[in-house]
Every structure is written in C-alpha cells, then in structure tokens.
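These notes are about the structure you will find just below.
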Amino acid sequence: MADNEIKRLPPQSLEAEQSVLGAILIDESAILKVLELLRPEDFYRPEHREIMKAIFALTTENVPIDMVSVIDKLKSEGKLDAVGGATYIAQITASVPNAANVEYYAKIVKTKALLRELISAGAEISELGFNESMDVDEILNIAEQKIFNISQRKTQSFFVKVKEFLKEHFEEIENRYKRKVGISGISSGFTSLDKLTSGFQNSDLIIIAARPSIGKTSLALNITTHIAIKEEMPVGFFSLEMSKEQLVERMLSAQAKVDMMRIKTGFLRDEDWPKLTEAYSALSEAPIFIDDSPDLTLNDIRTKSRRLKIEGHAAIIFVDYLQLIRSEQKIENRVLEISQITRGLKNLARELDIPIVVLSQLSRAVEKREDKKPMLSDLRESGSIEQDADVVIFLHVPDEERRDEIELIVAKQRNGPQGSVHMQFFPEYTKFGETAEGM
C-alpha cells in the first residue's frame, strides 16, 4: 500500500442503527426502552440522526409513532428526501421482524457513540496540548472533565424497580443487626457523636461550622486519622488554609499526645520520642491523601475528588474550608457564589456516593447576640448551606472561661435527630476527647 496512513472509519454499526429505528417504527412501545439510553446524536449516519430527531419530536408532541407519522413529520420539515425518502424508511421498517431485541441493538449504538466521543475528545485534548499559551493545569482539568463526562454518559442512572436493590439493602440491615455496632455509616471515632448521627453516610454533605479558632480543623483531623488508622479507610483532605506540613504536625501531636509547641520549637523531652515514633509509624501507613493547594475552585475539587475516587483512595473527603473555595465564574454576589459551591459539593457527594465533610466559618451575627449558641440562621449569610447540607454540626464554647469544653451541636440531620454532645478539647495536642457527659 502506497500510503503510510490508512484512513479509518469511526466506530459504527449501521445495522444496529437500522434495527433500533425499525423496531420503533413497527412497535411504538420500543421507544420507551431506548428513550433515556440514546440521543439522536448517538447515530452515526446523518439520515438516521434525522429520523431519530423526528421520532423524538413526535414523542414530545404525543403523536403516535409509526412509519406514516414519521414520513409525514420529515416531509413537513423538508427533510424526507435528505434521509432517503419514504422508500428508505419503508426499507428499515421491513428489515426488522419484531422489536424484542431493541435494547440490545440500542446498547450497540450507544457503545459505538461513546467510542466516537472518546476519539473526538482525544483529538481535542491533543490540540490543547499544542497550545503553549494555556496553563497546563487548565488543560488537565479540561481533559479530565471531557473524559469524565463521557464516562457519566455510560453510567447514566435510570428508574430502578425497588425489588432490584431491596434484597441487597435488606442484607445490609441484617448485617447491622448481627454486628450491633449502632452505626450504619463511617465512624467519627467519637462514640457519643456516632450514637447521634449513626456515622457519616454515603452521599451526604456534612457541614462542620464554628467561629474562628474554636477547633474545626483539629476536629476534622482527629476524625480523619481515626477513619484512616482505625477504620482502615482512605481519606481525601483538601486544605485551602494550612500547608500539609502544618497538618502533619497537628496529626503527630494529636496521635502521640505530645505538646504541639514542643514539636514546633524542638524542645522535646526524652519521653516524647517513643510516642512520636509510634505516631509516625501509624500515620505512615494511614491512607490519608492531602491536597494543600491554596486557591482551589469548585471544579478543581470536583476533578481531583473524581480522580481520587477512581484510584480507590476516597471513602470520605474533607474540605477545609468552604469560604476559601472559588467559583469558576466571576459572581459579584458572594452569597450566590457560596450557594453554587455548596450545591456543587452536594452533587459531588451524590455522584461519588461518599460523605463529603466541609468546614465552614459562621457569620459574625452569632457574636452580637447575648446567647452565642449557634443556630441554623447563622449560616444564611453563607448562601444555601442550610438547604444543601444533610447534616450541620456546630462547635460551641458554652463558657468563655473554660474554652477547653466544647459542645458539638447537631443542628440539622436530614435523616436523624438533632442533639448535642460534650467534648473536651486539649489545645496543646490539638486533640478532642469525650467527656463522661458527652458519652
């Protein structure tokens, strides 16, 4: 062969496309089996795309679908000759004996369409790679987004009959009964909190909110190390405020129960070293993944979380903290921007089917009240947090003279009770512990 390059046709199956269209034309109910699976754009042959568009239009108009109505629709739009005329439509109608296998043929059409989308995305990504004026991180984000969008098309969710998933869930209920651990989600490591929440549930957006310097990050890190070390589950941690080195020092201090200032200054005691060594060993093996990029957008968090999940490194994700996340679009109203971010994080929790725990600052309004106990209304200045969150937990210091006594207030729980637990905070170790009252 003279040419070094062989022009290849994109993936396609004209026979499967004809079979899908023919099945719909001889049995109107067949459209219901493929309506959510296929789009007109999934058909490779232009004529088939136009025929499918006509079928979709008739469905929207609630007009019976058969060979006559489709021909009439195409004729009224001036497209009948372009698709091969009434003769071609009659031909594909006659080529299918029955509509029994329409779903099978539709899946073939869908698979070929996804392969073509991958080829197209690959070409676009390749073109971006030659654009040296673009930031490489932006190119990577665009590339990942394109591929992920295609994968989402493949795993599109449809209505599922209860029977199809009830057995599996009933078995989970039986397992809970046998284990009698009292929680159905991921343990926080704090028995009193777990009793109230049943653990962190998949698909939930959990907000942990407080005024500055109450201990939000310390609590999140305590929970992170428990999940990774004791539960042996991978944790993703986005830190927009503190560096990974600062986080690691806090985790070492809490895990070893060695004074944070002694670690910072180097004035360690002989008895500190065995505890630090043991903590180092435990944390070294812990599946904790930290991203300390300081200027993340919602899309950055979405892209990185998807990657972490695909690689098997995310049973739960923490974000510290909400108000530091940027939106991709420039939005003048910060309340609307925060609303967009919280809605995006909730959607991400559902998409990845994992809990996402987001730390948040409380509005200053709480400081102006005589009773400084946080309320859900204190979140309202921060967009739609109250509406989007499944669980809202406040950190509250009831007595300013005893700032080591912290009350965790579960102010909202979509699928559980409200309540509060009392904790002891050891600031020298950045560690929380349970009090007898909290238990």
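Residues in the range 59-68 that are of a type in the set (S, T, N, Q) and closer than 12 Å to ILE24 by Cα: how many? If you could, list the steps in order and put the result at the bottom.
The initial filter retains those residues of the range 59-68 that are of a type in the set (S, T, N, Q), namely 59-60, 62.
So of that shortlist, the ones also closer than 12 Å to ILE24 by Cα come out as 59.
Of the residues in the range 59-68, 1 are of a type in the set (S, T, N, Q) and closer than 12 Å to ILE24 by Cα.
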Discussion item. Under 7 Å between Cβ atoms, which residue pairs at least 6 apart in sequence (or on different chains) link something in the range 107-130 that is without any contact (Cβ under 8 Å) to a residue 60 or more places away in the chain with a partner that is exposed (fewer than 13 other Cβ atoms within 10 Å of the Cβ) and assigned to a helix (DSSP H, G or I)?
Written reply: LEU114/LYS154
Worksheet item: Residues of the range 272-316 being within 18 Å of GLU245 (Cα to Cα), hydroxyl-bearing (Ser, Thr, Tyr) and touching a residue at least 12 places away in the same chain (Cβ under 8 Å), which ones?
Response: TYR280, SER293
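Give the range 95-128 a look and list any residue that's farther than 27 Å from GLU36 by Cβ and loosely packed, with under 12 Cβ neighbours inside 10 Å, or say none.
Going residue by residue through the range 95-128, those that are farther than 27 Å from GLU36 by Cβ are 123, 125-128.
Within the range 95-128, ALA123, SER126, GLU127 qualify.
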Worksheet item: Are any of the residues in the range 76-83 over 27 Å from MET52 (Cα atoms) and of a type in the set (Ser, Thr, Tyr)?
Response: no
Response to the item:
Considering the range 404-420, residues that are small (Gly, Ala, Ser) and touching a helix residue (DSSP H, G or I) at 6+ places or on another chain (Cβ under 7 Å), and then whichever is modelled with the lowest pLDDT, we arrive at GLY416
Item to complete: Return only the number of the condition from (1) farther than 29 Å from LYS431 by Cβ; (2) within 17 Å of the chain's Cα centre (by Cα) that ILE331 does not satisfy.
Response: (2)
Item to complete: Scan the range 38-78 for residues that are in contact (Cβ under 8 Å) with a residue 40 or more places away in the chain and of a type in the set (Ser, Thr, Tyr) and report the count.
Response: 1
Fill in: Test set (1) modelled with pLDDT under 75; (2) part of a loop (DSSP other than H, G, I, E, B); (3) surrounded by fewer than 18 Cβ atoms within 10 Å (Cβ to Cβ) - GLY438 fails condition number
(3)
Response to the item:
Of (1) within 23 Å of LEU379 (Cβ to Cβ); (2) among the aromatic types (Phe, Trp, Tyr); (3) in contact with a Ser or Thr (Cβ under 7 Å, 6 or more places away or on another chain), TYR429 satisfies every one except (1)
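Do we have SER76 as at pLDDT 90 or above, over 18 Å from ILE92 (Cα atoms) and of a type in the set (Ser, Thr, Tyr) here? Explain how you work it out, then say what you get.
On the way: at pLDDT 90 or above: yes; over 18 Å from ILE92 (Cα atoms): yes; of a type in the set (Ser, Thr, Tyr): yes.
Considered against the rule, which asks whether it is at pLDDT 90 or above, over 18 Å from ILE92 (Cα atoms) and of a type in the set (Ser, Thr, Tyr), SER76 comes out as yes.
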Worksheet item: Can ASP291 be described as over 20 Å from ASP137 (Cβ atoms) and among the acidic types (Asp, Glu)?
Response: no
Fill in: Filter result for the condition that a residue is in contact with a Lys or Arg (Cβ under 9 Å, 6 or more places away or on another chain) and under 27 Å from LEU9 (Cβ atoms), over GLU117, GLU127, GLU144
GLU117
Worksheet item: Quick check: anything in the range 282-304 farther than 23 Å from THR217 by Cα and surrounded by fewer than 17 Cβ atoms within 10 Å (Cβ to Cβ)?
Response: no
Item to complete: Sort out for me the helices (runs of 4 or more DSSP H) sitting completely within the range 192-291 that have 1 or more residues that are in the same structural domain as VAL357 (by TED's automatic domain parsing) and at pLDDT below 90.
Response: 244-256, 260-265, 272-285
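Is it fair to say LYS146 is assigned by TED's automatic domain parsing to the domain that holds LYS309, assigned to a helix (DSSP H, G or I) and at pLDDT 75 or above?
Working: assigned by TED's automatic domain parsing to the domain that holds LYS309: no; assigned to a helix (DSSP H, G or I): yes; at pLDDT 75 or above: yes.
No.
Condition check ((1) within 20 Å of the chain's Cα centre (by Cα); (2) closer than 20 Å to LEU205 by Cα; (3) surrounded by fewer than 15 Cβ atoms within 10 Å (Cβ to Cβ)) across all residues:
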| position | (1), (2), (3) |
| --- | --- |
| LYS373 | no, no, no |
| ASP390 | yes, yes, no |
| VAL397 | no, no, no |
| GLU400 | no, no, yes |
| ILE409 | no, yes, no |
| ARG414 | yes, yes, yes |
| PRO417 | no, yes, yes |
Practice prompt. Determine which single condition TRP273 fails, assuming it passes every other condition in (1) of a type in the set (A, V, I, L, M, F, W, C); (2) more than 29 Å from GLU405 (Cβ to Cβ); (3) under 25 Å from the mean Cα position of the chain (by Cα).
Written response: (3)
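The values are calculated or read from the model by the stated rules, or taken from the named source; none is laboratory data. Note that the structure is predicted; figures quoted are calculated from it, not measured. Here the Cβ is made from the backbone with ideal geometry for all residues, glycine too, and neighbour counts use every protein chain on show.
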